[in-house]
Amino acid sequence: MRESQAPGSPVLGAIVRRFGPAVLQPDGSLDRTALRGVILADTRARSDLEAIVHPEVQRRRMDLLDAARAAGDAIVVSDIPLLFEVGNPDEFDAVVLVDAPAELRHDRLIHDRGLTSAEADRLIAAQMPSKPKRDRSTHVIENDADPATLERRARAVWNAISRA
């Protein structure tokens, strides 16, 4: 939840105390590219960042979940990119994994997010492999085609969840 890392937030303050002002943009916002470079090069730095960010993200997720329950919402979607790496999938009624082959994810990181090949390799290596995530997921959406196909597949899963 990026709002937890907004200028003036306690989380951004803790990030700057740990990583220094080099991870800030001139406007005081987080320079995600600079920070990514630091944490991809140093496993301890990544662990330190997770220790700063994840408790606040979890707190905010619980606040939003409580508000959704109070409003009577039947379905709440939590978008958690590192659920398997740092969370507990068993806490959820259903887990939907959107997955693509590693080579395609690698290419997308380079072309869509501007990472170098080495950065893409390190980012993928920092994640749990697909197979154990697939094994623990209720639904898997293949993200190996065009956006329209992905949307069709996602709607099919949404319809299945909505009917349950």
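Please report, as a whole percent, how much of the solvent-accessible surface of the range 1-64 comes from carbon and sulfur atoms (probe radius 1.4 Å).
Here carbon and sulfur together make up 56 percent of the probe-accessible area.
Could you work out how far the C-alpha centroid of the range 35-114 sits from that of the range 136-164, in angstrom?
Computed from Cα coordinates, the inter-centre distance equals 18 Å.
For the chain, what does the helix formula give at 222 nm: sum of -39500 (n - 2.57) over DSSP H segments with n ≥ 4, over the residue count, nearest 500 deg cm²/dmol?
Computed mean residue ellipticity for the chain: -18500 deg cm²/dmol.
Express the accessible area of the chain per residue in Å², computed with a 1.4 Å probe while the remaining protein chains stay in the model.
Accessible area per residue, the chain: 63 Å².
Suppose R0 equals 35 Å; then what is the FRET efficiency for Arg69 and Ala102 from their Cβ-Cβ distance, rounded to the nearest 0.05?
After rounding to 0.05, the efficiency reads 0.40.
Amide H to amide H, which residues 5 or more places from Val95 or on other chains are under 5 Å from it, using H placed in the peptide plane?
Thr138, His139
How would Arg108, Arg136 rank on accessible area, largest to smallest, probe 1.4 Å?
From most exposed to least exposed: Arg136, Arg108.
What fraction of the Cα pairs in the chain, stated in percent, has a spacing above 22 angstrom?
Counting pairs separated by more than 22 Å, the tail of P(r) holds 55 percent.
Amide H to amide H under 5 Å from Leu30: which residues, 5+ apart in sequence or cross-chain, H placed 1.01 Å off N in plane?
Gln25
Please get the size of the charge dipole for the range 8-164, origin at its Cα centre, with Cβ charges of +1 on Lys and Arg and -1 on Asp and Glu, quoted in debye to the nearest 20.
Roughly 140 debye, rounded to the nearest 20.
Considering only protein heavy atoms, with the full assembly of protein chains and a 1.4 angstrom probe, order Val96, Val16, Val77 by accessible area, largest first.
Putting Val96, Val16, Val77 in descending order of accessible area: Val77, Val96, Val16.
The values are calculated or read from the model by the stated rules, or taken from the named source; none is laboratory data. Remember, it's a predicted structure, so these values are computed and weren't measured experimentally. A quick note on method: Cβ atoms are made from the backbone with ideal geometry, for glycine too, and the neighbour counts reach across all protein chains shown. Heads up: the accessible areas ignore ligands, DNA and RNA and are worked out on the full protein's heavy atoms, side chains in. Shrake-Rupley method; radii C 1.70, N 1.55, O 1.52, S 1.80 Å.
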